[in-house]
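A short write-up of the structure that comes next.
The values are calculated or read from the model by the stated rules, or taken from the named source; none is laboratory data. Bear in mind the structure is a predicted one, so any value in this text is a computation, not a measurement. Cβ sites come from the backbone with ideal geometry, for glycine too, and all protein chains shown count toward neighbours.
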Amino acid sequence: MLTQDEFFKSGEIVNLAEQAVYEELQAFIAKGEVEFCQCDKCLFDIVCVVLNAVPSLYSSSVVDRKYPNPDFKAEYEMLKERIKFEIPLAIAHIKEGLHH
Ligand SMILES: [Zn+2]
């Protein structure tokens, strides 16, 4: 068996929620409707809060990710909607307990 580092850094195991949170956060920032600190530390915090609030969506197949079946696609879209909802909540949460 691979070492833990090799195992998880192989790139074979992907949590698509991470990708979705990144994309949705980027889109949210681009809209510029809400003012909040966008330093790395705050963005890391926001992403963690959102990832803890939504279910993960793991995949170990590059083929599935490239050519998702309708079920997987629907699940991903549902996850994205959930993330869109959670991002402003996470920002409000982080703003309250700002570290700097
Ligand atoms: Zn900050």
Are any residues in region 45-100 within 16 Å of the ligand (Cβ to nearest atom), at pLDDT below 90 and surrounded by 14 or more Cβ atoms within 10 Å (Cβ to Cβ), and if so, which ones? Lys95
Check Glu23 against each of (1) charged (D, E, K, R); (2) more than 14 Å from the ligand (Cβ to nearest atom); (3) over 14 Å from the mean Cα position of the chain (by Cα) and name the one condition it does not meet. (3)
